[in-house]
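What follows is one structure encoded as C-alpha cells, with my remarks underneath.
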Amino acid sequence: MVKSLDWDSRIGKRVRLRDLHILFAVAQHGSMGKAGLHLGMTQSAVSQAIAALEHAIEAPLLDRAARGVEPTVYGTALMQRAQAAFDELRSGIKDIEALTDPAVGEVRIACTESIAAGILPSAIERFTNNHPRVQLHVFQTTTHTMGFAALHERKADVVVTLLPKPFEADLSERLQAEVLFQDRICLAVAKDNPWARRRKIGVAELANVPLISPAPDTPGGAAIIEAFRAAGIPAPPVAITTFSVHLRNILSMRGRFIAVLPSSVLQFGSAGNSLKELPIDLPLPEWPALVVTLKNRTLRPAVERFVGCLREVTQRGAHGQPAFDASPTLVTARPRR
C-alpha cells in the first residue's frame, strides 16, 4: 500500500514538471528509448528521470516488459491528475498572452451535430467578425453516448449541446451549465412541398408519409414515436434512419420526405432558407440547449467572449430577430446517485 507522503519535504521539492513530461512521453511511445529520441534525451537520462519520480512518489509508475512499458495503476492515476495540472498551466500561459494582447487566444468547442447545423455557425460568424485573431477549434461530440468526456479530459473549453432527460445526471458537481434556450423537435419539409402550403395538418394525415428520422433508440427518434403514440395513432413509416442532421436536411430539401429535426436548425441554420416546419399539433418534447463548462475553473478571456457571443445570438436570433422567447440562465445540475 502506498503510504501518505509529506508534500513539503518530498513531493513539492522533488516532483518536477520536466519529469512528469518525460513520464507522459514514455507512456505515449511505450519505450524509454523511443521517448528519449522524441525528447532529445538519452535512454539513460529518461530512465533516471522515471526512477527519481518513482522514488519521490514511492510507487512504481511503469510496468516493464519485453514488448515495452505501460503505466501501472499508480502511473495512470498520477498522469490523470498531472494532465489537469498541465492543462491549467497551459491555460495560465494563454491567459498571460491574452492579458498582453486581449485580441488573441483560442477557444476549443465541442458540440453536437444539431448545434453545428443550428446556432453555432451564426455564433462563429459574429465572433470571428469581432475577434478575427482568435483561433476556434471545433469538433463534434455526442452527449447522448459520450456525456461530457470532452470537458473532463480537458479536450474542450466548452460543450454546446441539447440535453435529453437521460443525461441530466451527467451534470455533476464538476460541471456548470447555462441554458441558452429551449429547443424542441419538429417535422419539416421543403418549402416547395405541397405540405408546406397547408396552414393546419391533422396528425392522422401523416400516418403514411415517409419520414427521415434518427433511430428509435436515440432521443429524437424516441420522441417522435412517443408523440404519435400519445396522439393515438401509429408513427409514420421511417423511410431513412440516420443520426446525421446534414443528411436529413439535404434529403428533405429535395421534396420527397418529412424530416425530424430540432427547431433551432431551422431558426438559426441555413436549412431555414429551404425548409419549413409543419403546422401540426403533436406533443413533441422541449430540451434545453446548454453551454457547459467545468465548474470552479476560470475561463480564458477568449472563451468568455465566445460564450457571451452565444448568448447574443440566442437573444437576437440569427438575423437580428429574437428566435426564442428565452433568456440564458444558469442551472444547478443534479449530482449522480
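The values are calculated or read from the model by the stated rules, or taken from the named source; none is laboratory data. Predicted model, so just to flag it, every value in this text is computed and none were measured. We place every Cβ from the backbone using ideal geometry, glycine too, and count neighbours over all the protein chains shown.
Being within 16 Å of residue 184 (Cα to Cα) and of a type in the set (Phe, Trp, Tyr), is that true of even one residue in the range 244-267?
Looking through the range 244-267, none of the residues is within 16 Å of residue 184 (Cα to Cα) and of a type in the set (Phe, Trp, Tyr).
Looking at the range 161-179, is at least one residue touching an Asp or Glu at 6+ places or on another chain (Cβ under 9 Å), assigned by TED's automatic domain parsing to the domain that holds residue 288, at pLDDT 85 or above and among the aliphatic types (A, V, I, L, M)?
Initial filter on the range 161-179 (touching an Asp or Glu at 6+ places or on another chain (Cβ under 9 Å)): 162-163.
After this cut, where a residue has to be assigned by TED's automatic domain parsing to the domain that holds residue 288 as well, the list is 162-163.
So of that shortlist, the ones also at pLDDT 85 or above come out as 162.
Next, only the ones that are among the aliphatic types (A, V, I, L, M) stay: 162.
Yes, some residue in the range 161-179 is touching an Asp or Glu at 6+ places or on another chain (Cβ under 9 Å), assigned by TED's automatic domain parsing to the domain that holds residue 288, at pLDDT 85 or above and among the aliphatic types (A, V, I, L, M).
Among (1) surrounded by fewer than 16 Cβ atoms within 10 Å (Cβ to Cβ); (2) over 24 Å from the mean Cα position of the chain (by Cα); (3) not aliphatic (A, V, I, L, M), which single condition is residue 274 missing?
Single failed check for residue 274: (1).
Quick grid of which residues meet (1) touching a helix residue (DSSP H, G or I) at 6+ places or on another chain (Cβ under 8 Å); (2) of a type in the set (Gly, Ala, Ser); (3) farther than 30 Å from residue 310 by Cβ:
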position: 175; (1), (2), (3): yes, no, no
position: 180; (1), (2), (3): yes, no, no
position: 186; (1), (2), (3): yes, no, no
position: 203; (1), (2), (3): yes, no, yes
position: 222; (1), (2), (3): no, yes, no
position: 231; (1), (2), (3): yes, yes, yes
position: 268; (1), (2), (3): yes, no, no
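Which of the residues spanning the range 96-132 are assigned to a helix (DSSP H, G or I) and in contact with a helix residue (DSSP H, G or I) (Cβ under 7 Å, 6 or more places away or on another chain)?
Of the residues in the range 96-132, the ones assigned to a helix (DSSP H, G or I) are 96-100, 113-116, 119-130.
If the condition is that a residue be assigned to a helix (DSSP H, G or I) and in contact with a helix residue (DSSP H, G or I) (Cβ under 7 Å, 6 or more places away or on another chain), then 98, 113, 114, 119, 122, 123, 126, 127 are the ones that fit.
Would it be correct to say that residue 63 is in contact with a helix residue (DSSP H, G or I) (Cβ under 9 Å, 6 or more places away or on another chain), charged (D, E, K, R) and exposed (fewer than 13 other Cβ atoms within 10 Å of the Cβ)?
Numbers: in contact with a helix residue (DSSP H, G or I) (Cβ under 9 Å, 6 or more places away or on another chain): yes; charged (D, E, K, R): yes; exposed (fewer than 13 other Cβ atoms within 10 Å of the Cβ): yes.
The answer is yes for residue 63.
Does at least one position in the range 76-94 carry a residue that is surrounded by fewer than 14 Cβ atoms within 10 Å (Cβ to Cβ), hydroxyl-bearing (Ser, Thr, Tyr), modelled with pLDDT of 85 or more and out of contact with any Lys or Arg (no Cβ under 9 Å at 6 or more places or on another chain)?
Yes; the residues of the range 76-94 include at least one that is surrounded by fewer than 14 Cβ atoms within 10 Å (Cβ to Cβ), hydroxyl-bearing (Ser, Thr, Tyr), modelled with pLDDT of 85 or more and out of contact with any Lys or Arg (no Cβ under 9 Å at 6 or more places or on another chain).
Which of the residues that make up the range 99-141 are among the hydroxyl-bearing types (Ser, Thr, Tyr), surrounded by 13 or more Cβ atoms within 10 Å (Cβ to Cβ) and either in contact with a His (Cβ under 7 Å, 6 or more places away or on another chain) or without any contact (Cβ under 8 Å) to a residue 60 or more places away in the chain (or both)? Spell out how you get there, then give the answer.
Keep residues of the range 99-141 that are among the hydroxyl-bearing types (Ser, Thr, Tyr), which gives 100, 112, 114, 122, 128, 141.
From the residues that got through so far, the ones that are surrounded by 13 or more Cβ atoms within 10 Å (Cβ to Cβ) too are 112, 114, 122, 128, 141.
Selection gives 112, 128, 141.
Can you name every residue in the range 236-274 that is assigned to a loop (DSSP other than H, G, I, E, B) and either within 16 Å of residue 195 (Cα to Cα) or in contact with a strand residue (DSSP E or B) (Cβ under 8 Å, 6 or more places away or on another chain) (or both)? Break it down stepwise before answering.
Within the range 236-274, the subset assigned to a loop (DSSP other than H, G, I, E, B) is 236-237, 242-244, 254-257, 269, 274.
Residues satisfying the conditions are 236, 237, 242, 254, 255, 256, 257, 274.
Going by the conditions given, is residue 216 in a loop (DSSP other than H, G, I, E, B), in contact with a strand residue (DSSP E or B) (Cβ under 9 Å, 6 or more places away or on another chain) and more than 21 Å from residue 265 (Cα to Cα)? Can you show your working first?
Values: in a loop (DSSP other than H, G, I, E, B): yes; in contact with a strand residue (DSSP E or B) (Cβ under 9 Å, 6 or more places away or on another chain): yes; more than 21 Å from residue 265 (Cα to Cα): no.
Here the answer is no, as residue 216 does not meet what is asked.
Looking at residue 59, is it under 30 Å from residue 300 (Cα atoms) and in contact (Cβ under 8 Å) with a residue 40 or more places away in the chain? Please lay out each step first, then the result.
On the way: under 30 Å from residue 300 (Cα atoms): no; in contact (Cβ under 8 Å) with a residue 40 or more places away in the chain: yes.
It is false that residue 59 is under 30 Å from residue 300 (Cα atoms) and in contact (Cβ under 8 Å) with a residue 40 or more places away in the chain.
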